[in-house]
Amino acid sequence: MSKIHKLTDEVVNRIAAGEVIERPAYAIKELIENSIDASATRINIEIEDEGLTSISVFDNGIGIEKDDLKLVLQRHTTSKISNFEDLDALTTLGFRGEALASIASISEIKVKSNGWQISNTNKKISKIGMPEGTIVEIRSLFASTPARRKFLKSKENEYRQILSQIQSFALNHPEISFTFVRDNKTIYNLPASSLEERITEILGETVANFSIPISLKDSYIKINGFISHPQVSFKTKNKMLIYINDRRIHNTSLITSIKESYKNLLQTYDYPFVYLKITLPKEFVDANVHPKKEIVKILNEETVLQTLRENIFETLTKHNLTFSNSSWKTRFTKTDLAKSLREQVSQTAEYKIAKVKKNSDIIQLHNLYLVTETENGILLLDQHAVHEAILYYKFKQAYLNKKSKKFSVKISKPKLIKLTSHKASLASENLEYLNKIGFEIEQFNETSFKLYATPLVATDLDPETNLNETLEEIESENKRDVEANINTMLSYLSCRSAIKSGDKLTKKQMKELLRYLDKIDLGYTCPHGRPVKVELTKQFLEKLFLRS
Ligand code: ADP
Ligand code: MG
């Protein structure tokens with residue numbers, strides 16, 4: 001790497017300043033970025049107490065020259081840029097020369113490189129024995145700034161943020177081997193591999209099995225990666241991994257565009273998994289707009305968004321999107337309980353709200369919309385939403401009738417469930433809550449849990465999938481009380497059991513839906529908040545056709 005030097009005041013003034021080390025995860029992010037910038041092919045990360053006691057990152061990159069070691073802990077010293085022009089054509093992840101200095105101001109830091117070391121407590125350079133490369137050790141992070149410590153979240157939450165940083169780099173660099181050790185326990189030991197193997201290793205087999213490759217090579221934009229089959233979706237955006245010119249970024253308009261390409265293949269609050277590597281000419285991307293470098297400015301953002309939308313949409317349409325039962329765990333195990341729930345409800349729901357005109361016909365359009373006549377106009381229905389709302393109503397009634405008896409149901413043989421490291425951390429933090437809502441569950445080892453019983457309302461769902469989805473709900477901060485959680489599970493159950501968009505319905509099935517619609521007041525939205533029905537009144541139609 002070229003020599004480290006102090007940036008001139010002019011360059012410093014153009015650099016987006018800001019405190020970047022708010023939590024251990026960000027310190028780790030900066031250290032890994034430095035290792036990648038140093039062309040490392042191996043990076044070993046170790047933490048104690050979520051990084052507060054110690055963080056150590058070793059890499060086998062090109063290292064720092066002895067003379068330069070003196071400068072690394074000073075502010076605005078970098079080997080990566082020299083002048084204005086370099087800022088517009090960055091080839092490295094770092095460029096501000098601030099990270100190590102910022103860390104040095106809030107911890108004890110030691111930098112060892114190619115046989116020499118320096119620390120912020122002993123500024124004299126001394127010789128040491130070590131392998132080629134660089135080791136950065138941080139101890140007592142935030143010890144001198146107790147106020148900062150107070151702002152940290154729970155231990156497991158901080159750990160997951162660290163994990164998520166490491167995962168993000170590991171996914172973007174399958175050619176680098178990574179190890180990650182937490183409190184002397186190995187979490188990851190990832191040899192250099194293919195991207196597919198990395199995805200399986202980090203995000204689990206389900207995601208890997210339902211990934212669709214995507215690629216586009218245009219004159220100015222290159223897109224490469226994977227997007228998920230709509231059969232798998234998640235309650236949070238954290239599996240939307242987007243990299244622009246090798247930098248992981250969090251950009252709301254990109255996320256919205258991607259969701260738009262899935263159109264009605266996903267529910268409103270569901271997100272796909274995407275791993276997208278977008279390459280744009282360097283001069284189109286400005287990384288110098290955000291202190292943590294998590295947002296970049298794209299010069300021609302609208303065009304990029306449009307290209308991306310079209311590309312994802314095309315990829316999805318070319319792919320066979322038929323739902324398969326075999327791989328993503330069969331969602332439902334048809335238990336007797338579910339059957340009895342369904343039977344019970346056929347006699348419920350007594351009150352009427354006659355809206356649909358008697359004996360009126362009903363037709364299906366685009367295998368999705370149903371059209372019928374009301375006393376005062378035309379009724380349009382979304383077949384999935386309406387069926388979902390009916391099922392939800394029925395299940396809720398049945399649950400209320402059964403409620404007093406038993407809360408969770410033993411599964412015939414305790415099930416050992418292996419979770420991803422991320423989900424395992426969530427589960428272990430929320431064991432008590434999980435047990436409260438009806439999962440009888442205990443931790444077996446780092447990432448495996450033993451499940452003895454599932455919530456009564458959810459016996460119709462595959463326990464493993466249900467646990468995974470509940471954890472996603474918990475993560476999206478929707479931790480609810482027991483009753484509310486039951487509502488959520490009932491809404492899952494209804495959503496997954498309901499007819500889908502694209503299903504061809506017979507007249508009989510359509511009439512059956514109408515019959516229920518007449519019987520119960522479903523309100524105007526499904527449990528997910530999407531409209532179920534839209535009425536175009538005669539008055540509205542008359543206005544539309546200029547008859548009044
Ligand atoms: P920046 O990455 O923005 O240049 P940092 O404070 O992160 O600023 O690092 C300062 C300098 O220290 C870098 O420019 C680089 O020359 C050197 N450096 C830091 N970490 C490493 C490493 N792991 N391997 C080689 N050089 C490093
Ligand atoms: Mg850096």
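Where a number appears in this text, it was derived from the coordinates with a stated rule and is not lab data. Just so you know, these numbers come straight off a predicted model, no measurement behind them. Glycine also receives a Cβ, built like all others from the backbone with ideal geometry; neighbour counts cover every protein chain displayed.
A few points about this structure:
- Full extension of the chain between Asn359 and Lys450 yields a length gain of 27.4 nm, computed as 0.36 nm times the residue separation minus the alpha carbon distance.
- In order through the stretch 387-396: 3J(HN,Hα) via Karplus (6.51 cos²θ - 1.76 cosθ + 1.60), integer Hz, x for Gly, Pro: 5, 4, 5, 5, 4, 4, 4, 5, 4, 4
- Taking every DSSP beta bridge that has both ends in the chain, the antiparallel portion is near 90%.
- Binning the C-alpha pair distances of the chain at 20 Å intervals from 0 yields a P(r) profile of 18, 45, 28, 9, 1 %, listed from the shortest bin outward.
- Dipole orientation for the chain: of the candidates Thr506, Thr186, Pro174, Thr506 has the Cα lying most toward the positive pole (charges on Cβ; Lys, Arg +1; Asp, Glu -1).
- Based on the reciprocal of the average 1/r between different C-alpha atoms, the Kirkwood radius for the stretch 192-240 equals 12.1 Å.
- Cα centroid of the stretch 24-74 to Cα centroid of the stretch 131-145, whole Å: 8 Å
- Dmax and Rg, reported as Rg then Dmax, of the stretch 1-157 (C-alpha, Å): 15.3, 42
- Gained length - Asn184 relative to Asn264, 0.36 nm times residue gap less alpha-carbon distance: 24.2 nm
- Hz values of 3J(HN,Hα) by residue in the stretch 213-228 - Karplus curve (6.51, -1.76, 1.60), Gly and Pro given as x: x, 9, 7, 8, 10, 10, 5, 10, 10, 10, 10, 9, x, 9, 10, 8
- Sum of side-chain charges, Ala143 neighbourhood, beta-carbon under 9 Å (Lys, Arg +1; Asp, Glu -1): +1
- The 3J(HN,Hα) values that the Karplus relation (6.51, -1.76, 1.60; θ = phi - 60°) gives for the stretch 197-207 are, in residue order, 5, 4, 4, 4, 4, 8, 9, x, 5, 4, 4 Hz. Gly and Pro appear as x.
- Counting only residues at least eight positions apart within a chain, or on another chain, the lysines with an alpha carbon under 16 Å from that of Lys292 are Lys29.
- Coarse-grained scattering of the stretch 181-324 at q = 0.13, 0.17, 0.19 Å⁻¹, given as base-10 log I(q)/I(0) from a Debye sum over alpha-carbon atoms: -0.61, -1.01, -1.20
- By other beta-carbon atoms within 10 Å, ranking Phe395, Phe151 with the fewest at the front produces Phe151, Phe395.
- Globularity ratio of the stretch 120-190, using Cα Rg and 2.2 N^0.38 Å: 1.43
- Relative compactness, the stretch 158-231, computed as alpha-carbon Rg over 2.2 N^0.38 Å: 1.26
- Label-reachable residues, the stretch 28-53, where backbone N falls under 14 Å from a point 7 Å from Arg149's Cα toward its Cβ: 49-53
- Gain on full extension, evaluated as 0.36 nm per residue between Asn157 and Asn224 minus their Cα-Cα distance, stands at 21.0 nm.
- Placed amide H near His5: partners under 5 Å, 5+ positions off or other chain: Thr78, Ser79
- Amide hydrogen neighbours beyond the local backbone of Glu440, cut-off 5 Å, H modeled: Tyr452, Ala453, Thr454
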